[in-house]
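Input: a single structure, listed below in structure tokens.
The values are calculated or read from the model by the stated rules, or taken from the named source; none is laboratory data. These numbers were taken from a predicted model, which means no experiment stands behind them. Using ideal geometry, Cβ is built from the backbone for each residue, glycine included, and neighbour counts are taken over all protein chains shown. Side chains included, ligands, DNA and RNA excluded: accessible areas come from the protein's heavy atoms. Shrake-Rupley method; radii C 1.70, N 1.55, O 1.52, S 1.80 Å.
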Amino acid sequence: MGAPAGNEGYSVLENASLRERNTFGVQARAGLLIEVREPAALAELSGSVRLRGEPLLVLGEGSNVLLTRDWPGVVLTIAARGIEVLDDDGATARIRVQAGEHWNDFVYWSLAQGFGGLENLVLIPGAVGAAPIQNIGAYGTEVREFIAAVDAWDREAIAMVRLDNAQCGFSYRDSHFKRAGDRYVVTAVTFALTRRPALRLDYAGVRDELAAMGVVDPTPATLAGAIARLRRRKLPDPAQVGNAGSFFKNPVVGDALALALRREHAGLPAWPAGEGRTKLSAAWLIERAGLKGLREGDAGISARHALVLVNHGRASGAQLWALAQRVRDTVRERFGVDLEPEPRVI
Ligand code: FAD
Ligand code: EPU
């Protein structure tokens with residue numbers, strides 16, 4: 001591994017290991033790893049290093065990527081930290097957060113300041129800069145509801161740009177950023193949060209969890225506590241077993257297909273997705289296809305949650321990807337439904 005180089009705003013490492021930088025814990029190397037502490041350095045980097053034309057991999061905390069090979073070019077990560085309240089009229093506030101802040105730290109910071117809205121998104125791993133990429137969501141909330149603007153380095157315009165909420169093109173686990181490939185490097189996100197949030201309690205299990213905690217009159221903080229308990233019980237912890245959360249998106253199909261599948265398979269969970277479409281539970285399909293807990297070497301499907309692909313130890317990214325394809329093929333054969341990976345697969 002080469003010695004770190006760079007200037008005050010960034011550092012550069014040659015032939016860097018990414019094993020500690022992805023929650024699957026798979027081995028892969030970056031030709032050049034650039035860690036940016038000052039977003040202003042992106043303009044300089046764009047002129048001097050290969051940030052212009054070459055494929056670029058922007059990495060946050062690596063909790064939604066599957067690396068199946070080395071990345072010979074540049075891997076860029078934004079390490080800028082800082083939270084700034086832009087304005088606060090006592091009811092709502094706009095808060096700009098640098099991309100390198102930990103998402104969950106920011107959620108707890110916002111709750112401690114008395115701002116609500118993000119409580120259902122507690123314990124989602126990753127960096128703030130990655131939150132808009134797939135429009136993170138959980139327990140009946142999506143982050144797009146709270147994003148006022150996203151600041152990014154635009155590799156096409158070769159300039160910093162600010163996209164408002166509509167320009168971000170958010171939908172379920174998707175955004176303009178995700179669709180634009182490696183065009184944008186998100187440097188900061190501005191949130192609009194309120195001191196009087198309408199609590200979201202309708203997702204399955206939430207009210208029961210609050211009741212089990214003895215909470216009668218929930219607040220954002222106690223709701224966050226209930227969500228955290230649910231998540232700890234349901235999802236494997238990447239510190240114990242490598243994973244990237246849900247490996248597939250919940251498939252959104254036409255209402256007619258959903259109806260036919262639900263007639264044939266009693267109990268298949270489904271949610272209306274608007275415009276004549278229905279979202280189905282990928283976990284249920286995988287479990288019913290007999291794949292929950294499956295293991296091929298160190299690559300496996302979690303026995304705790306059928307939607308989570310796990311690395312039991314030394315699986316390679318390629319082995320995990322082979323297993324994911326087996327899951328996809330089996331579900332397609334059994335139910336005629338196509339599953340799409342949620343993480344970025346390299
Ligand atoms: P990375 O994995 O590093 O990157 C993810 C994608 O974003 C890549 O395409 C990358 O190129 C891009 N990217 C990252 N940072 C930037 C940037 N600054 N600029 C431009 N592009 C960037 N997700 C949910 O939505 N809901 C959940 O409930 C949830 N639960 C999870 C539970 C577990 C145990 C795990 C491991 C993951 C879970 N995830 C969940 C997925 C993951 O936490 C989120 O997608 C998170 O936002 C990824 O953040 P990251 O910093 O690790 O991004
Ligand atoms: N289910 C099974 N078998 C399982 C697990 C779940 O059949 O092993 C069925 C159950 O019927 C359950 C239903 O699937 O009621 C839904 O399960 P869960 O509530 O765990 O949610 P999910 O649809 O599997 C989604 C997100 C999660 C998010 C949770 C909570 C996607 C792809 N995943 O999972 O996000 O935390 O809802 O809102 O939308 C992630 O994106 O990485 C992620 C973890």
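Results, tabulated for the structure shown:
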{"item": "Matching residues, region 204-234, being β-branched (Val, Ile, Thr) and more than 14 Å from ligand 2 (Cβ to nearest atom)", "result": "215, 216, 219, 222"}
{"item": "Total residues in region 113-133, condition part of a loop (DSSP other than H, G, I, E, B) and within 6 Å of ligand 1 (Cβ to nearest atom)", "result": "5"}
{"item": "Any helices (runs of 4 or more DSSP H) falling wholly within region 189-280 and containing at least 2 residues that are within 15 Å of ligand 1 (Cβ to nearest atom) and touching a Gly at 6+ places or on another chain (Cβ under 9 Å)", "result": "220-234"}
{"item": "So residue 202, is it within 26 Å of residue 64 (Cα to Cα), acidic (Asp, Glu) and not assigned by TED's automatic domain parsing to the domain that holds residue 61", "result": "no"}
{"item": "Residue list for region 18-58, filter: open to solvent by 40 Å² or more (accessible area, probe 1.4 Å) and either under 30 Å from residue 313 (Cβ atoms) or modelled with pLDDT of 95 or more (or both)", "result": "19, 20, 21, 27, 29, 35, 37, 38, 58"}
{"item": "Hits in region 140-176 (condition: near ligand 1 (Cβ under 8 Å from one of its atoms) and in a loop (DSSP other than H, G, I, E, B))", "result": "173"}
{"item": "Residue count, region 285-331 (criterion: within 19 Å of residue 261 (Cα to Cα) and either at pLDDT below 95 or of a type in the set (Lys, Arg) (or both))", "result": "2"}
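Yes or no, residue by residue, for (1) in contact (Cβ under 8 Å) with a residue 60 or more places away in the chain; (2) assigned to a loop (DSSP other than H, G, I, E, B); (3) among the hydroxyl-bearing types (Ser, Thr, Tyr):
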residue	(1), (2), (3)
33	no, no, no
39	yes, yes, no
45	no, no, no
57	yes, no, no
72	no, no, no
77	no, no, yes
85	no, no, no
93	yes, no, no
